[in-house]
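The numbers here are math on the coordinates, done by the rules we state, and not lab data. Note that the structure is predicted; figures quoted are calculated from it, not measured. Here Cβ is always computed from backbone atoms with ideal geometry, including for glycine, and neighbour counts include all displayed protein chains.
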Amino acid sequence: MTEHGYTPHKDDLLKRLRRIEGQARGLQRMVEEDKYCIDILTQISAMTRALQSVSLGLLEEHLGHCVAGAIEHGGPEAEAKLAEANAAIARLVRS
């Protein structure tokens, strides 16, 4: 089994993702109950921020573990990990 940068914090990550999952269910309930648009948008914003926070944490772990390890070993894997990280950052910035 491969250990990823987030592995030591996996329980915390799962807890945060379950909380976000609960927020998504809450949003569905709000729509089903015909809640006010602005209240729904406020909750969507909170959920978006929570997902962004998880994303940034995962990116930090990836850079500190996977990318740093690849750079330490050098070669084509290092270049590939850097390109992969750059693409992930670009996706996060666009979202």
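Annotations for the structure displayed:
- Here the range 1-41 is the region considered, the condition is being farther than 27 Å from HIS65 by Cα and β-branched (Val, Ile, Thr), and the residue that is surrounded by the most Cβ atoms within 10 Å (Cβ to Cβ) is ILE40.
- Looking across ALA70, ALA88, one residue alone is in contact with an Asp or Glu (Cβ under 7 Å, 6 or more places away or on another chain) and surrounded by 15 or more Cβ atoms within 10 Å (Cβ to Cβ). It is ALA70.
- Pick from the range 56-94, criterion among the small types (Gly, Ala, Ser) and touching a residue at least 40 places away in the same chain (Cβ under 8 Å), ranking: nearest to ARG18 (Cα to Cα): GLY57
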